[in-house]
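The values are calculated or read from the model by the stated rules, or taken from the named source; none is laboratory data. None of these values were measured; they are calculated from a predicted model. Cβ: placed from backbone, ideal geometry, glycine included. Neighbour counts: every protein chain shown. Ligands, DNA and RNA are excluded from the accessible area calculation, which covers all protein heavy atoms including side chains. Shrake-Rupley method; radii C 1.70, N 1.55, O 1.52, S 1.80 Å.
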Amino acid sequence: MSDENQKPSKDNRPRQTGGQDPQLNWRGLILFAVAFALIGGAFLFRGNNFAQLEQIPYPKFLQMVKEGKIISTPEVPLQLVVEEGRNTQYFEGKAKFPSPTTGEESPVAFRTPIFTQFNGSEIEKALSEAGITPAISPKSDLLASALVSFLPIVLFLVILYFFFRSQIKMAGKGALNFGKSKARMLSKDKNRITFKDVAGVEEAKDEVQELVEFLKDPKKFQKLGGRIPKGILMVGSPGTGKTLIARAIAGEADVPFFSISGSDFVEMFVGVGASRVRDMFEQGKKSAPCLMFIDEIDAVGRHRGHGMGGGHDEREQTLNQLLVEMDGFDTQEGVIIIAATNRPDVLDPALLRPGRFDRQVTVPLPDVAGREEILKVHAKKIKVAEGVTLSVLARGTPGYSGAELANVLNEAALLAARKGLKAVTMHELEEARDKVRWGKERRSMAMSEREKISTAWHEAGHATLNVLLEHTSPLHKVTIIPRGPYLGATMYLPEGDKYSTQQKEALDLLAVTMGGRIAEEMFTKDISNGAAGDIRQATSLARKMVCEWGMSSLGMISFSEGNEHVFLARDMSRSREYSEHTAQQIDAEVKRIIDEAYVRAGRILEDRRSAVEIIANALLEYETLDASHVKEILETGSIQNPPTVELAPPPLPPAPTDSTPEPPEAIKPQLPSGGLPSPAPA
């Protein structure tokens, strides 16, 4: 930022640190140390004045006078010092003293206190016999002595006063700074992210870039009557880059940029949130025009009137103050709010109206071109081997967010470093992609032979139906190696970005989901809880077909309660909008769709029973099969190009058991996939 725009930051420094807890007063401690040093120096100075002179007692002085060791010359006279206001008198001069090392006599300054009232005549007689006439030197240092004695104490008391005064002020600030805003001002020097670092969300970037251009050249828009937006709300799934876009705005805009989280407004004391909102906008008005970024605004902007338990809600008071500051009677231009959330459904309608958040910018998941651009941006930070095609990886990562793509490249770099490679190859990128989406392979997991056989039949049923049915996503690979929460998985990836689901596609997906349980029961004459994830996925898909998509005999009627994003305080007060008889019809229709898919899948697997058996045996032998291997078995009845088996460390020997064997551990229920694309877990 320019120097002109950095000037307001000086005014904001106390406000930025005011919300923090009181820290140790180093300035006061330094003042204390200086005071002690001055007092010690004063006493040391006074002591050194006397220590520089040789203190000679009165009898020894008389003896040295008689021996002629007292020096009395016009240049170095013997002085009789008389202090006015005191009864203190002493001789000062030089006398000959033998050196402690060589024994030779040398002149040394001395001092001898005397009391002329008792031994004055004796002194005069000894001096006259030695021919010494002392020079009388009156001295008045009463004031200087008093200053030297009391000045350090006075200075110490003054420093002590200022120290406690500053401590009291800091304590007061700590108690009252709950209402100070915790907004942090970002300088352009520290924030090096620009729009060049944001990829895959071109439409959202264009909308916020227009805001930056308005701040740089407002006359371009004002000459046509346009006004600057007061607020921009960025909405999108987690990991799509909302906060990154805000940081890019801070790097591009040549204006002050304040950043704060929505949770920073909420405090245990009533009224603190509203006070922080007021203080934040006061900072912004002093630095106008400026930008303020509120991350996760749903923490403070939730719908009013849905508080649990009644009473006054502190969050509502904070929201009311935010509404007034954004568009109220005393609103000033120049403070632009940029907010980010992934829960727009819970925000208060008054916050979303024009005049407050004039523009809502949707930050979607990137398409295939956007994913390739994101991969290129993050690939600059790692060393990629020659021959790596990021476009292939982009086509193989549908539904991945920007954060997941960055994580894929990071995991690939870690895998390559673990293998001792000099660069990241395509193999590490594909392995990292599977790890991010489906979890890491757990080769060390000890599975019994019975569980392996059951899992192999299960996955063989999924894979066979996935290849044979027409309206399914292409098969990626099938494995019985435990990965993440799954004992095995059939992985399939769409050919491109999917934005809708057709009825035939949904019915084929239901049949594929049923195939695991059918194959398992067909060949092992038993069933397990390995199909728990399949059952949940099929039930969810069938219920959406009936209640939301109108793909049933009930017709084009929506029975959905909009519970995709649950807001407990609001949804508890809702009542079901259809009768009990309709609910029974919905349940019956869901069961009919699933049963028909089950019968259809069973008929297809029975017709290709031998192929399913070959696929299952191949899985037991190779553990992982690609889509090409499964297609070869279905077309020719055998694998023409068998996969290479990776050498895995030998499993640990089983623990010794008692004479009575324990039953095998039950297979853990699988987690739901959560949508397309997804693995079909065993």
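Return the long-range amide H neighbours of residue 362 (sequence gap of 5 or more, or a different chain), with a cut-off of under 5 Å between placed amide H atoms. Answer set, sorted by chain and number: 235. Here region 465-617 has 51 percent of its accessible surface on carbon and sulfur atoms, given a 1.4 Å probe and all protein chains in place.
The phi torsions of region 247-262, fed into the Karplus equation with coefficients 6.51, -1.76 and 1.60 and a -60° offset, translate into couplings of 5, 5, 4, 5, x, 8, 6, 8, 9, x, 10, 10, 10, 8, 9, x Hz, rounded to whole numbers, with Gly and Pro shown as x.
DSSP loop (so not H, G, I, E, B), at most 11 other Cβ within 10 Å: list which trypsin sites (Lys or Arg not before Pro) in region 415-517 pass both filters.
Sparse-neighbourhood loop trypsin sites (Lys or Arg not before Pro): 422.
Residue by residue, region 610-615 carries 3J(HN,Hα) couplings of 5, 5, 4, 5, 5, 4 Hz when phi is fed to the Karplus relation 6.51 cos²θ - 1.76 cosθ + 1.60 (θ = phi - 60°); x denotes Gly or Pro.
Residues 326, 551, ordered by accessible area of protein heavy atoms at a 1.4 angstrom probe radius and largest first, appear as 551, 326.
In this structure, the amide hydrogen of residue 261, modeled 1.01 Å from its nitrogen in the peptide plane, lies closer than 5 angstrom to those of 295, counting only residues at least 5 positions away or on a different chain.
Taking every alpha-carbon pair within region 358-470, the share separated by more than 18 Å comes to 61 percent.
Cβ-Cβ distance of residue 578 and residue 471, R₀ of 45 Å, FRET efficiency by 1/(1 + (r/R0)^6): the value works out to about 0.90. Our summary gives region 205-273 a relative contact order of 30 percent, counting only alpha carbon pairs under 8 angstrom and 6 or more residues apart. How many angstrom lie between the C-alpha centres of region 489-541 and region 400-468? Cα centroid to Cα centroid, the span is 19 Å.
Protein heavy-atom surface of region 348-392, 1.4 angstrom probe: 54% of the accessible area is carbon and sulfur, with nucleic acids and ligands not counted. Here the relative contact order of region 476-546, from alpha carbon pairs under 8 Å that lie six or more residues apart, stands at 21 percent. Multiplying the residue separation of residue 216 and residue 343 by 0.36 nm and removing their Cα-Cα distance gives an extension gain of 42.6 nm. In a DSSP loop and with at most 10 other Cβ atoms within 10 Å, the trypsin sites (Lys or Arg not before Pro) in region 200-299 are 223. Taking Cβ atoms as reference points and 15 Å as the exclusive limit, the residues near residue 352 contribute a net charge of +2, counting Lys and Arg as +1 and Asp and Glu as -1.
Across region 55-62, computed HN-Hα scalar couplings (Karplus, 6.51 cos²θ - 1.76 cosθ + 1.60, θ = phi - 60°) run 7, 10, x, 4, x, 5, 4, 4 Hz from first to last residue, x flagging Gly and Pro. The chymotrypsin sites (Phe, Trp or Tyr not before Pro) of region 469-544 that DSSP puts in a loop, and whose beta carbon has at most 16 other beta carbons within 10 Å, are 499. Pairs from the table (220/498; 419/498; 196/216; 220/285) lying more than 30 angstrom apart at Cα are 220/498; 419/498. Amide hydrogen proximity for residue 232: with H placed 1.01 Å from N in the peptide plane, the residues at 5 or more positions away or on another chain lying under 5 Å are 337, 338, 339. Computed over protein heavy atoms with a 1.4 Å probe, the accessible surface of region 347-415 works out to 45 Å² per residue.
Dipole check for region 431-471: with +1 at the C-beta of Lys and Arg, -1 at the C-beta of Asp and Glu, and the Cα centre as origin, the magnitude is about 260 Debye.
Computed from the Cα positions only, the extents of region 398-438 along the three principal axes stand at 30, 15, 13 Å, in decreasing order.
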